[in-house]
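Below is one structure, written out as structure tokens; the observations come after it.
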Amino acid sequence: MTLPVDFLGRDRVRVLEQRGHGSTVLVGRSAVVWRLADADRHDRLPAVSRQSTMWPVDHEKKGVAMTVCDFSSGRPDPATFPVGDLVAAASRRLTAEGPDLVLYPDPQGYPALRRLAVERFRQREGVDLDPDSFLLGTGSTQPLALLAEALTEPGDVVITEEFSYTGTLGILRRFGLTIEGVKIDEEGLCPEALDRALETLAMAGTPARFIYAIPTYQNPTGAILSLERRRAILELSRRHDVPLIEDNCYADLHFESEKPPASIRALPGADEVIYVASWSKILGPGARLGYVSAGPELLERLLDLKRDAGTSNLAAMIVAEYMEHHRESHTAVLCDVLRRKRDVLVAALGEELGDLCGWTVPLGGMFLWVRLPDEIDNAVLAKSAEQEGVLYHPGRNFHSGDRDIPYLRLAFGYPSDEEIVTGVRHLARAIRTAVPTVAGNA
């Protein structure tokens, strides 16, 4: 069955319990308990490494299962990480430019990587952008945080999709912004709902400061915004004079022969669209390299706010050298692996939960959005999943209004095929335990 289609903080932490508004309890490496309401910065949350065979919890706690499968975050398969080619790339580029590392980076970031971002956009979209419009950052998270700081004041209203990327929602909340979530369906953001929201906010004297959208392989739903809707959203942004931030981090991760529609930034009349993307999604989050392309005035404001003395030239040199020679072949391998894992996950869900849940089948990206029964008890599910050794993101973490909703997101890039199958079987047991009508008949 196919159905239409937040801030958890840092990846690889474990949901233990949900208590009231904004208070998901987490546990990590040091067995410290965290409240989601306190976790407004990713770097305050502990991490858990893949090498652990058991989630590090209080050793006196009884009945905690070994980790069976980690569906929690968007990471590629470790086997796709090109260690040898990166070592060779580092050797070549450092031999040629290593002494330059005694200097501070260009404020906008390593020029060769910015030019490569232009080439990446040109090859995929058929449109040229100016390398000097690009600013490199630490992943896509830093550019998004800079944009929130540059474009808003505390108390301002911003628009996102009703379900959106946890990291962005956390940034917006950290800056004290009011998030207006707009309806999405199986095709993504609904232009009619967006128009109504923009009109209502303007009439109330609280106009939206920007629109944030993920048009391609939306996180968490996997939806692909149609070309017609992309044009409509661009037109609404221009008509209401509200900046549009397009997050296009997943666009290279397509599984089928037909590619997604053009980026909004590539459409005619889209010169003012703010474009955010990342190298980390096709290489690995550890690379921590993303970028934003914006107009000259906004770019100057971002540079004024970016007080980190520059994005690492060492990392940028290595990634630029590698991507210059291997980007297309590496992306093709990664997409093949992701396609296979998606199929394994969909088949396992059909076998274990086809009578109880619904889900989208993504055509790209790293995530599958699962619709749970309305009567699900998410607190019971969290505890049961812990006992089953399964890690996932509950739907609430993606909800713009921080509502407890009957959804969960499964990230399928990182676990092995075998872990996916076993993980779904354990997750299914946890879900059935958390549905009163099913558990009562067990």
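Every number in this text was worked out from the coordinates using simple rules, so none of it is lab data. Remember, predicted model here, so these are calculated numbers, not experimental data. All Cβ positions, even for glycine, are placed from backbone atoms using ideal geometry, and neighbour counts span all protein chains on display.
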Q | Evaluated at q = 0.11, 0.17 Å⁻¹: base-10 log I(q)/I(0), Debye formula over Cα of the range 83-327 | A | -0.57, -1.30
Q: Would you mind getting the Kirkwood hydrodynamic radius of the range 246-402 from its Cα pairs, rounded to one decimal in Å?
A: 19.1 Å
Q. Size of the dipole of the range 83-327 about the Cα centre, Lys and Arg at +1 and Asp and Glu at -1 on the beta carbon, nothing else charged, in debye to 20?
A. 480 debye
Q: Let me know the charge dipole size of the range 73-184 about its Cα centre in debye, to the nearest 20, where only the beta-carbon of Lys, Arg (+1) and Asp, Glu (-1) is charged.
A: 360 debye
Q.
Considering all projection directions equally, how large on average is the shadow of the alpha-carbon convex hull of the range 104-211, in square nanometres?
A. 8.6 nm²
(Q) As a test, work out the antiparallel percent of DSSP beta bridges whose residues both lie in the range 83-327, rounded to the nearest 5. (A) 45 percent
